[in-house]
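I have placed the structure first, in the form of structure tokens, so that the comments after it can refer back to it.
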Amino acid sequence: MQITRRTLLSGAAAGIATAAIRPRMAWAASSFSVGGMEVTTLSDGFLTQPADFMFAPMPQSELAAYLASRGMDRAAPLTPPCNLTLVRHEGRVILFDAGSGTGFMDSVGDLPDALAAMGVDPGDITHVVFTHGHADHLWGVLDDFDEPFFFNAEHLMGRVEYDYWADPATIDTIAQDRVPMAAGAKRRLDLVGEQFTLFEDGAEVLPGVIARATFGHSPGHMSFALADAGQAAMVIGDAILNDHTAFAHPDWPIGADSDTEAAARVRAGLLDQLATDHMTMIGFHLPGGGVGHVERHEGAYRFVPA
Ligand SMILES: [Zn+2]
């Protein structure tokens, strides 16, 4: 066996999982099949966000009443889970998004442990398919030596999204509080370099994996339909961002969306389709491993975990 820095690193990561430093368990939340595709969601941990990051642009008096009805505290920090999707299909091992890595927040970065718990080595991943370039989805592409963590994988991202984060002008035009995220994205895209392949809306990026433009949460956000042998599911990414306001009040603007109006239009279309088709979906920040379906409820929708 050839010992590389990467195998030493993944060994170190496995060691951390058993130490008391990070008591949360690595876990694989849910597995199901879509035809011949074996689909598993993996936890990268959870984000810790100020409530205003989500709630600031919403109609405040209606929001207060709604949150009270759900027993939620308007001021409490939000702690949404981060669910990555792993698909094994015809010899390919496909990861949707790369997680946060070690440089973003203490409460995320569990993906290497979750993969190890499944017996998956970073070198086993053949493709990393990105929904978008935000830190919790992209920053895990590099190891602690700034080399690609999924070193054998082709990395695939929608062209609009890639061009936005790769553009040096983005750092000057993005909201001030997002400058570190833009700088971090550009640095990672530059370092991964030629391992990136770009695709357009509607492309079958891999057999049975069809890209669908869901621009709004980020400028070029993509969702993906998984389709095989007459079955289908959707990897939603952040196009339906939370399990509360996004379903019950899909028209309310969400602070974390970069274009709140476009994101609301996309959300309305997705919810209608998912409820009509009763299609299994995976939401990156939804509870229960993110796997479930959409039901119509009281004039809007609700998320029903699997
Ligand atoms: Zn996210």
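We did not get these values from a lab; they are worked out from the coordinates using the rules stated. Fair warning: this is a prediction, and the values are worked out from it, not measured in the lab. Cβ: placed from backbone, ideal geometry, glycine included. Neighbour counts: every protein chain shown.
Figures for the structure shown
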item: Label-point separation, SER31 to THR173 (7 Å along Cα→Cβ), nm; result: 4.5 nm
item: Mean Cβ count within 10 Å, highest first, over the residues of peptides 90-100, 130-140; result: 130-140, 90-100
item: Net length gained if the chain between ALA203 and GLU147 were fully extended (0.36 nm per residue, minus Cα distance); result: 17.3 nm
item: FRET efficiency estimate (nearest 0.05) - Cβ-Cβ, MET118 to GLU194, R0 35 angstrom; result: 0.80
item: q = 0.22, 0.25 Å⁻¹: log10 I(q)/I(0) that the Debye formula gives for region 211-306, counting C-alpha atoms only; result: -1.11, -1.42
item: Residues in region 225-260 that a label on ASP272 would reach, taking backbone N under 15 Å of a point 7 Å out along Cα→Cβ; result: 250-251
item: Net charge of Cβ neighbours under 15 Å - reference ASP277; Lys, Arg +1; Asp, Glu -1; result: 0
item: Per residue Cα convex hull volume in Å³ - calculated over region 60-142; result: 144 Å³
item: Stretch gain in nm, segment GLU298-ARG74, where the contour uses 0.36 nm per residue and the Cα spacing is subtracted; result: 78.4 nm
item: Quarter of the Cα convex hull surface for region 138-224, i.e. its orientation-mean projected area (nm²); result: 6.0 nm²
item: Per-peptide average of other Cβ atoms within 10 Å, ordering 59-71, 157-169, 107-119 highest first; result: 107-119, 157-169, 59-71
item: Rg followed by Dmax, in Å, when the chain is reduced to its Cα trace; result: 18.5, 62
item: Calculated diffusion of region 187-248, Stokes-Einstein form, Kirkwood radius summed over Cα pairs, 25 °C and 0.890 mPa s, µm²/s; result: 183 µm²/s
